[in-house]
Amino acid sequence: MQSLNYHMTKFVLSAPDIRHLPPDTGVEIAFAGRSNAGKSSALNTLTGQKSLARTSKTPGRTQLINLFEVADNCRLVDLPGYGYAEVPEEVKRKWQKSLSEYLQKRDSLKGIVILMDIRHPLKELDQNMIKWAVDAELSVLVLLTKSDKLASGALKQQLSKVRDSLKSMNADIQVEVFSSTKKVGVELVKNKLNHWFNVLQVPDLIDEDSE
Ligand SMILES: Nc1nc2c(ncn2[C@@H]2O[C@H](COP(=O)(O)OP(=O)(O)OP(=O)(O)O)[C@@H](O)[C@H]2O)c(=O)[nH]1
Ligand SMILES: [Mg+2]
């Protein structure tokens, strides 16, 4: 299996909607979750770049679909968060529309990392997102973020609680803990992304030697 160098990841563009995205080929893996869950921070940690994706204490920082290229046909996507109330209705409507359009129409979207603050997991919108991703047959990894905020006993308890809840939702999904601050789970996520980028590529239907 080809192992990618995530430190080589480059910003491609920020798009207000799917019409502004580059051609829909290869494999895209999106980072999704509630506002402030730590999506942009996780991307920066994985790529070893402090400010590749913009982060903020204020929820609602990421308002566009942000594309990053790890290698040819291997892209990571930082999505706007959902569930943040304190944004003007008009802005929220626009960005939720582009988010759901992206999720529903982007063929190269093959995998999704769903991030939830370990202290507040499985809110209604998270459950909807997980169900939707499973129904859409995407590969899914759930990360419980900011694990540095809990002591190890509480952390283990939260982890098994979330694993049990997902089982009862009939979603057979891998759940792991992650911390950008303490660099917990980084190798595991890179391995998972490597695996997805390798196995989820759609083979070229046109045989280049056939002419
Ligand atoms: N303690 C701790 N704080 C974190 C961690 N990851 C992110 N944060 C903090 O959480 C806040 C939100 O992080 P972001 O990465 O911007 O969150 P986001 O999910 O991209 O948020 P939106 O773009 O608004 O959807 C920032 O203040 C980060 O510094 C972590 O692992 N540990
Ligand atoms: Mg963000």
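The values are calculated or read from the model by the stated rules, or taken from the named source; none is laboratory data. Since the structure is predicted, the reported quantities are computational estimates derived from the model, not experimental observations. Cβ: placed from backbone, ideal geometry, glycine included. Neighbour counts: every protein chain shown.
Kindly indicate whether residue 60 is in contact with a Lys or Arg (Cβ under 6 Å, 6 or more places away or on another chain), within 20 Å of residue 121 (Cα to Cα) and within 9 Å of ligand 2 (Cβ to nearest atom). Walk me through how you get there before you give the answer.
Details: in contact with a Lys or Arg (Cβ under 6 Å, 6 or more places away or on another chain): no; within 20 Å of residue 121 (Cα to Cα): yes; within 9 Å of ligand 2 (Cβ to nearest atom): yes.
For residue 60, the condition - in contact with a Lys or Arg (Cβ under 6 Å, 6 or more places away or on another chain), within 20 Å of residue 121 (Cα to Cα) and within 9 Å of ligand 2 (Cβ to nearest atom) - is not met.
Residues in segment 127-148 that are of a type in the set (D, E, K, R) and in contact (Cβ under 8 Å) with a residue 60 or more places away in the chain: 146 only. Assessment of segment 35-49 against the conditions (in contact with a strand residue (DSSP E or B) (Cβ under 6 Å, 6 or more places away or on another chain) and within 25 Å of residue 203 (Cβ to Cβ)) yields no matching residue. I want to confirm something. Restricting to segment 136-158 and keeping residues that are among the charged types (D, E, K, R) and surrounded by fewer than 20 Cβ atoms within 10 Å (Cβ to Cβ), which single residue is farthest from residue 42 (Cα to Cα)? Filtering first and then ranking leaves 137. Regarding residue 39, is this residue at pLDDT 95 or above and within 12 Å of ligand 1 (Cβ to nearest atom)? When the stated conditions are applied, residue 39 passes them. Within segment 118-135, identify whether any single residue is in a strand (DSSP E or B) and surrounded by 14 or more Cβ atoms within 10 Å (Cβ to Cβ), and answer yes or no. No; the residues of segment 118-135 include none that is in a strand (DSSP E or B) and surrounded by 14 or more Cβ atoms within 10 Å (Cβ to Cβ).
Residues that are surrounded by fewer than 23 Cβ atoms within 10 Å (Cβ to Cβ) and either among the acidic types (Asp, Glu) or assigned to a strand (DSSP E or B) (or both) within segment 35-67 comprise just one, 67.
Based on this model, can you work out whether residue 202 counts as at pLDDT below 95 and either surrounded by 12 or more Cβ atoms within 10 Å (Cβ to Cβ) or touching a strand residue (DSSP E or B) at 6+ places or on another chain (Cβ under 9 Å) (or both)? Break it down stepwise before answering.
Working: at pLDDT below 95: yes; either surrounded by 12 or more Cβ atoms within 10 Å (Cβ to Cβ) or touching a strand residue (DSSP E or B) at 6+ places or on another chain (Cβ under 9 Å) (or both): yes.
Considered against the rule, which asks whether it is at pLDDT below 95 and either surrounded by 12 or more Cβ atoms within 10 Å (Cβ to Cβ) or touching a strand residue (DSSP E or B) at 6+ places or on another chain (Cβ under 9 Å) (or both), residue 202 comes out as yes.
Being over 30 Å from residue 10 (Cα atoms) and either surrounded by fewer than 22 Cβ atoms within 10 Å (Cβ to Cβ) or in contact with a Gly (Cβ under 9 Å, 6 or more places away or on another chain) (or both), is that true of even one residue in segment 89-106? Yes, segment 89-106 has at least one match. With respect to residue 77, determine if the residue is of a type in the set (A, V, I, L, M), outside any loop (DSSP other than H, G, I, E, B), crowded, with 20+ Cβ neighbours inside 10 Å and more than 12 Å from the chain's Cα centre (by Cα). No; evaluated as a whole, the condition is false for this residue.
Scanning for something out of contact with any Leu (no Cβ under 8 Å at 6 or more places or on another chain) and aliphatic (A, V, I, L, M), does segment 55-65 turn up at least one residue?
The first filter runs over segment 55-65 and keeps only residues out of contact with any Leu (no Cβ under 8 Å at 6 or more places or on another chain), leaving 55-61, 63-64.
Add one more test, that the residue is aliphatic (A, V, I, L, M), and what stays is 64.
Checked segment 55-65: at least one residue is out of contact with any Leu (no Cβ under 8 Å at 6 or more places or on another chain) and aliphatic (A, V, I, L, M).
Considering only segment 75-84, I want to know if a residue exists there that is at pLDDT 95 or above, within 22 Å of residue 128 (Cβ to Cβ) and more than 8 Å from ligand 1 (Cβ to nearest atom). Scanning segment 75-84 turns up at least one residue that is at pLDDT 95 or above, within 22 Å of residue 128 (Cβ to Cβ) and more than 8 Å from ligand 1 (Cβ to nearest atom). Scanning segment 159-189 for residues that are surrounded by fewer than 17 Cβ atoms within 10 Å (Cβ to Cβ) and either assigned to a helix (DSSP H, G or I) or basic (Lys, Arg) (or both) gives 160, 161, 163, 164, 165, 167, 168, 182, 183, 187, 188. Listed by first and then second residue, the pairs with beta-carbon distance under 8 Å, at least 6 apart or on different chains, first residue in segment 49-67 and touching a residue at least 12 places away in the same chain (Cβ under 8 Å) and at positive phi, second acidic (Asp, Glu) and more than 6 Å from ligand 1 (Cβ to nearest atom), are 60/86. Evaluating residue 31 against the criteria (1) in contact (Cβ under 8 Å) with a residue 24 or more places away in the chain; (2) more than 16 Å from ligand 1 (Cβ to nearest atom) leaves one unmet condition, (2).
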